Ligand SMILES: [Zn+2]
């Protein structure tokens, strides 16, 4: 039997993604982003994102089909992100997916966005080795997962208890007068800075946090520390050392992310770490991950960047896996679940 | 009539989620052959899945047009129906046409008002089942009475929209509404700058 061709739809945040895969082969990966519409607000505005999804959806589906040189006749199943994510944004993708699947009489799978980030790696051409620890960092989430089986055994080890890492970059960029999105602008500002100039706090790494928050993250204290630093410089009438603050802030974020991920690898005896999410575009994160994984004897996997940011191909990849396993589609009445847990690969109610 | 005409495309599928969820199929003669409606102003995505399946069962090759109710309505629910209508049309290979949802309240003439949350109502003047003015926003407690030629028009505070009436309105030449009728800008007040954390 030929591997199933699955069209995946992703609208959990500000990217309208439509991807097409055949089994683990990537055929199309179209992304329409509403990022520039959010720039003047310094962060994703849910209602603006949802409005943009509605207008981008049909053109993006058409573009993905054209990229794959396919028509809807070639599609065997549809997959859509059911959660976690912004409810209003998710709902646009689910509405479209239900319309498309019902019109074509295709099975429809409502799947987990976080599992999608892990599944993205199967599209990179090499088999995903399991079990693995996965660190997923974006503007919408910061999650540490233990993945034993992509299609049914994913455990959430920890996540952020306040801001997502990408949000921390955006908010800190605002404090420093840098542009949105914060990741690239802080990266650029940090290039000339000294990462050891300021000892910013590493959230939830104190011994007292070890029991309850060993693999959870917190970035709000770090953001506050940067704000205090900026205000102190202002009050003293001193110029703000933007490059040093940016570099030291970035180092603090990256340090906590990688330290906790490698601690999870060691604690579970799993010498594999997979990165996913838009923050992986941050060069310093990749650099530190590469160095420290090598030191720790941990194999590092980083999917190509266009598969790390939110995209429809990763959602199609989860769908293809479920179809290949012979799993039943999601029921017609499924809905968006903005807080869908990582251990729910597919919504079945 | 020749044998081919029975399977010719002549039906209209209409979807509205501006208040509750409503799905209907109307044939070329204006007869409603499928109609389901849930006046639950939440759970649009949940209701819509089954309704769409039942509406299309055995009729896929007969649908020649998909009609979408474009609001006004609560934003998140409204978008579910529009997204579904557009994607259904894409899937069936037929056009999608948007119309004002207030045409789905009456085939007669009335001032139609619907709840759009935040203590506001949207209202339109509907004449013979077609929207002739509006939609406008008004405080829920102070919807103005229509004046001029429409003075004395009956007011209907609609609890639901019937998608079948939207299909019929299109057949009778209802104006096309290409974009969702939000009536309000997206909530996104640019923040005034970083909050101070030290004193
Ligand atoms: Zn993501």
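The values are calculated or read from the model by the stated rules, or taken from the named source; none is laboratory data. In this text, all values refer to a predicted model and were calculated from it rather than measured experimentally. Heads up, the Cβs are rebuilt from the backbone with ideal geometry, glycines too, and the neighbour counts pull from every protein chain shown.
One table, with the values for the structure above:
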item: Subset of segment A:173-218 [over 23 Å from residue A:145 (Cα atoms), in contact (Cβ under 8 Å) with a residue 12 or more places away in the chain and in a helix (DSSP H, G or I)]; result: A:173, A:174, A:175, A:182, A:184, A:185, A:186, A:187, A:189, A:190
item: Boolean, residue A:99 is more than 12 Å from the ligand (Cβ to nearest atom) and touching a helix residue (DSSP H, G or I) at 6+ places or on another chain (Cβ under 7 Å); result: yes
item: So residue A:167, is it more than 15 Å from the ligand (Cβ to nearest atom), closer than 21 Å to residue A:288 by Cα and touching a helix residue (DSSP H, G or I) at 6+ places or on another chain (Cβ under 9 Å); result: no
item: Options B:73, B:104: the member that is touching a residue at least 24 places away in the same chain (Cβ under 8 Å), within 14 Å of chain A (Cβ to nearest Cβ) and under 27 Å from residue A:50 (Cα atoms); result: B:73
item: Given (1) within 14 Å of chain A (Cβ to nearest Cβ); (2) surrounded by fewer than 24 Cβ atoms within 10 Å (Cβ to Cβ); (3) in contact with a strand residue (DSSP E or B) (Cβ under 6 Å, 6 or more places away or on another chain), index of the condition residue B:90 fails; result: (3)
item: Evaluation of residue B:82 against (1) out of contact with any helix residue (DSSP H, G or I) (no Cβ under 8 Å at 6 or more places or on another chain); (2) surrounded by 18 or more Cβ atoms within 10 Å (Cβ to Cβ); (3) facing another protein chain (nearest Cβ under 8 Å) (one fails), failing number; result: (1)
item: Those residues of segment B:32-51 which are under 14 Å from residue A:94 (Cβ atoms) and crowded, with 19+ Cβ neighbours inside 10 Å, in sequence order; result: B:44, B:45, B:46, B:47, B:48, B:49
item: Exclusive hit being assigned to a helix (DSSP H, G or I), closer than 30 Å to residue A:126 by Cα and either without any contact (Cβ under 8 Å) to a residue 24 or more places away in the chain or more than 19 Å from the chain's Cα centre (by Cα) (or both), set A:52, A:66; result: A:66
item: Segments classed as helices (runs of 4 or more DSSP H), wholly inside segment A:254-349, with at least 1 members that are out of contact with any strand residue (DSSP E or B) (no Cβ under 6 Å at 6 or more places or on another chain) and free of Cβ contacts under 8 Å to residues at least 12 places away in the same chain; result: A:283-296
item: Residues satisfying the stated conditions in segment B:52-67, i.e. more than 9 Å from chain A (Cβ to nearest Cβ) and either surrounded by 21 or more Cβ atoms within 10 Å (Cβ to Cβ) or closer than 12 Å to residue B:16 by Cβ (or both); result: B:67
item: Where a residue in segment A:1-24 is closer than 10 Å to residue A:76 by Cα and its partner, wherever it lies, is within 16 Å of the ligand (Cβ to nearest atom) and modelled with pLDDT under 95, with Cβ under 9 Å and at least six apart; result: none
item: Selection from segment A:117-141 of residues that are over 22 Å from residue A:347 (Cα atoms) and either within 11 Å of the ligand (Cβ to nearest atom) or part of a strand (DSSP E or B) (or both); result: A:132, A:133, A:135, A:137, A:138, A:139
item: Within segment A:69-116, tally of residues that are outside any helix (DSSP H, G or I), under 21 Å from the mean Cα position of the chain (by Cα) and at the interface with chain B (Cβ under 9 Å from one of its Cβ atoms); result: 0
item: Every residue from segment A:219-260 that is more than 20 Å from residue A:194 (Cα to Cα), out of contact with any helix residue (DSSP H, G or I) (no Cβ under 8 Å at 6 or more places or on another chain) and crowded, with 19+ Cβ neighbours inside 10 Å; result: A:260
item: Qualifying residue in segment A:142-159 (condition: closer than 29 Å to residue B:87 by Cβ and within 14 Å of the ligand (Cβ to nearest atom)); result: no
item: Selection count, segment A:27-38, where residues are under 25 Å from residue A:177 (Cβ atoms) and either crowded, with 21+ Cβ neighbours inside 10 Å or within 10 Å of chain B (Cβ to nearest Cβ) (or both); result: 3
